[in-house]
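The values are calculated or read from the model by the stated rules, or taken from the named source; none is laboratory data. It should be emphasised that the depicted structure is a prediction, and the values quoted were computed from it without experimental measurement. With ideal geometry, Cβ positions are generated from the backbone for all residues, glycine too; neighbour counts draw on all protein chains shown.
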Amino acid sequence: MAEGFSLADQIFNADSVADLASEFAGAISGFDTAAFEAEVLSGFAEREFMARIDWIADCLEGWLAADFPTMADQLQSAMVAPLDPTKKDDDFGRFIHTIPGVMAVRHGLEDHRDRALDLLYEATKRFSMEFYIRPFINRWPEETLARLAEWAKDENYHVRRLVSEGTRPKLPWAKKINIEVETPLPFLDLLHADDARFVTRSVANHLNDIAKLDPDAVIRCLAKWASEKRQNSKELTWMTKHALRTLIKQGHPEALALLGYRADAPVNLERLSVAADQIQAGDAIEFEFALSATERSPVIVDYLIYFQRKDGSQSPKVFKLKQAVIAAGKALEFSKTHKLKANATTFRLYPGQHRLAVQVNGRVLGEVAFELTV
């Protein structure tokens, strides 16, 4: 990402706020677009991404009716046309259209549950309401899950996706939901056969979340789907790989087996070397190795870097390298350059001994040490 780039400014800016103001003006009598835009923009500089959403809602509050049913009608009247229902993917919508979700939670959660859920249903056709359905799951689990069961069969694929995405146990940026991880599995069982990649990607991501908590449940689920053959085989293969990505990195034997890889494949590491024993942070580590096998072996080849931590311990991070087939008696050569970024905002490098390891089908075959200087 370019230096100085701001995702918040990219999404929430004068142009997007003007668009939103124009939409509200068409639905709210006496709405002053200029005053609204000025107030919203004046508060952006001091707020980060998610806080800007709440700020926009704060600025809108005074223009809306005090009673929620009327407010919901206003918000619904201001909505743009639904996203193209004929598409199958890559039609996410605009973050500025999250505002109905904020208002549904603020003003409809306690006393107007059904009208608020109706509002989320319409809003999610414009932008996913995955963050805003979760408070309703926590407050009204039985009633909200019953509504989601209906939405899982809806004709609009954005509504169907919300059922999976909104119930993910580890949804990024979202608040925790207080239901057991197996509770949404009947939804996923239905949605895995969906014809929209936007939905099936969510199902796969949902399973990857569950894999971090209950790997066996994910293995059973995917094995069941494979036997039932309700989903296109190519799509189910893609979903399976995507759903098992965490378990594959961990070398989970049953996950590997589902994808046709043996954890005990007869593969040997012939050699492993780094170009330099000492690397400066900001430079790249160059390494090469070779693999051989005594019989034809499909392989998932990864490499691990055991990074030095502040407390002196080492923590491994797995990096994907290649999927291949090693022919019996014929070595497969690999080479890679990995930059060790010195100024990454999410990961700090510490000096000291590091290790680089080669992992095949989840099994570490060998490693080599190098010194990192900062």
Tell me the helices (runs of 4 or more DSSP H) entirely within the stretch 181-286 that contain at least 1 residues that are in contact with a Leu (Cβ under 6 Å, 6 or more places away or on another chain) and crowded, with 20+ Cβ neighbours inside 10 Å.
197-211, 215-228, 233-243, 253-258
Ala243 passes all but one of the listed conditions (1) assigned by TED's automatic domain parsing to the domain that holds Leu332; (2) closer than 27 Å to Lys125 by Cβ; the exception is number (1)
Hey, which of the helices (runs of 4 or more DSSP H) in the stretch 100-156, taking only ones fully inside, have at least 1 residues that are crowded, with 19+ Cβ neighbours inside 10 Å, touching a His at 6+ places or on another chain (Cβ under 9 Å) and at pLDDT 95 or above?
113-123
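Could you run through the stretch 317-366 and say how many residues are hydroxyl-bearing (Ser, Thr, Tyr) and assigned to a loop (DSSP other than H, G, I, E, B)?
Looking only at that region, the number is 3.
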If Leu291 passes every condition in (1) assigned by TED's automatic domain parsing to the domain that holds Phe334; (2) outside any strand (DSSP E or B) but one, which one does it miss?
(2)
Consider only pairs whose beta carbons are under 7 Å apart and that are at least six residues apart or on different chains; among these, list those whose first residue lies in the stretch 72-85 and is assigned by TED's automatic domain parsing to the domain that holds Ala196 and over 14 Å from Ile96 (Cα atoms) and whose second residue is surrounded by 13 or more Cβ atoms within 10 Å (Cβ to Cβ) and of a type in the set (S, T, N, Q).
Pro85/Asn156
Do we find that Arg197 is of a type in the set (D, E, K, R) and within 30 Å of His354 (Cα to Cα) in this structure?
no
